[in-house]
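Chemist: Got a structure for you, written out below as structure tokens; questions coming shortly.
The values are calculated or read from the model by the stated rules, or taken from the named source; none is laboratory data. As the structure is a computational prediction, the values presented were derived from the model and not from experiment. All Cβ positions, glycine included, derive from the backbone under ideal geometry; neighbour counts span all protein chains shown. To get the accessible areas, we keep the full protein, side chains included, count just its heavy atoms, and leave off ligands, DNA and RNA. Shrake-Rupley method; radii C 1.70, N 1.55, O 1.52, S 1.80 Å.
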Amino acid sequence: MGDSETPDHVGHRARLRSRLLEDADGLADYELVEYLLALAIPRRDTKPLAKALLREFGSLAQLVSADPESLRRVDGLGDTGIAALKIVQASSLRLLKGEFRDKPLLSSWDALLDWLRADMGPIDVERVRILYLNSRNMLIRDELASEGSIDQSAIYVREVIRRALELGASAIIIVHNHPSGSPEPSRQDIAVTREIAEAGTRLGIVLHDHIIVAGSDYRSFRALGLI
């Protein structure tokens, strides 16, 4: 096939690749998505699909964090493209988690917050996670405690403490997201947090903090003086 017969998007893709290798920061979000999808769907012009995805999900972070079922509803995106997007999310979170994986969490606080905001900030369903720590304050387990509707998610005090004892944890950190966009703790958040703190104290388990994530923002109960 001669150059005159080469589809326009092939030459465009080569130029995009050159720009990526020379100055990735100079690429727009849609161009990053476009090239990523081009690797997964090599015989298509992926620019229109990339732009449609960003319009649908609002941002690059929300796009790669979207669940596969939501992504499948976008016309033209199949499992291969979805897998490419999820590889980006998994790789990003693993890199962020690597910053504190083998270190005491309390001395790697900024890295922990970066990971939590990337992981939980874009999620549109409220989730509660418990980070279980050993006596050196290193992470031994990260578990989903509950998943609720957008405005309701239950934390069961007895289950949290029971699990900490099973794992031999010396301390815990509660993390949950507020999809509403406001990181301010509710009365229920405060009440349950204090119940967990009191129950843990009786059994030698320290509640270091409760972190609420909302988009790129967050609140720390410890910093607010709530525990």
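Residue-by-condition table, conditions (1) open to solvent by 40 Å² or more (accessible area, probe 1.4 Å); (2) basic (Lys, Arg); (3) in contact with a Ser or Thr (Cβ under 9 Å, 6 or more places away or on another chain):
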residue	(1), (2), (3)
108	no, no, no
117	yes, yes, yes
125	yes, no, yes
128	no, no, yes
131	no, no, no
135	yes, no, yes
138	no, no, no
141	yes, yes, no
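Chemist: In this structure, is residue 53 at pLDDT 95 or above, in contact with a Phe, Trp or Tyr (Cβ under 9 Å, 6 or more places away or on another chain) and either open to solvent by 60 Å² or more (accessible area, probe 1.4 Å) or in a helix (DSSP H, G or I) (or both)?
Modeler: yes
Chemist: Could you tell me how many of the residues in the stretch 196-216 are farther than 17 Å from residue 129 by Cα, in contact (Cβ under 8 Å) with a residue 12 or more places away in the chain and of a type in the set (Asp, Glu)?
Modeler: Keep residues of the stretch 196-216 that are farther than 17 Å from residue 129 by Cα, which gives 198-199, 201-204, 216.
Remaining after also requiring in contact (Cβ under 8 Å) with a residue 12 or more places away in the chain: 199, 203-204, 216.
Filter once more, so that each one left must be of a type in the set (Asp, Glu): none.
Residues in the stretch 196-216 being farther than 17 Å from residue 129 by Cα, in contact (Cβ under 8 Å) with a residue 12 or more places away in the chain and of a type in the set (Asp, Glu): 0 in total.
Chemist: Kindly establish whether residue 172 is in a strand (DSSP E or B), over 27 Å from residue 62 (Cβ atoms), touching a residue at least 12 places away in the same chain (Cβ under 8 Å) and in contact with a helix residue (DSSP H, G or I) (Cβ under 6 Å, 6 or more places away or on another chain).
Modeler: yes
So that you can scan it fast, the table gives a plain yes or no per residue for (1) modelled with pLDDT of 90 or more; (2) of a type in the set (S, T, N, Q); (3) in contact with a helix residue (DSSP H, G or I) (Cβ under 8 Å, 6 or more places away or on another chain); (4) open to solvent by less than 40 Å² (accessible area, probe 1.4 Å):
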position: 2; (1), (2), (3), (4): no, no, no, yes
position: 7; (1), (2), (3), (4): no, no, no, no
position: 26; (1), (2), (3), (4): no, no, yes, no
position: 37; (1), (2), (3), (4): yes, no, yes, yes
position: 45; (1), (2), (3), (4): no, no, yes, no
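Chemist: Right, something else. Any residue in the stretch 90-109 that's on the phi < 0 side of the Ramachandran plot: show its pairings with residues that are open to solvent by 50 Å² or more (accessible area, probe 1.4 Å) and not in a helix (DSSP H, G or I) at Cβ separation under 6 Å, as long as the two are six or more apart or on different chains.
Modeler: 104/136
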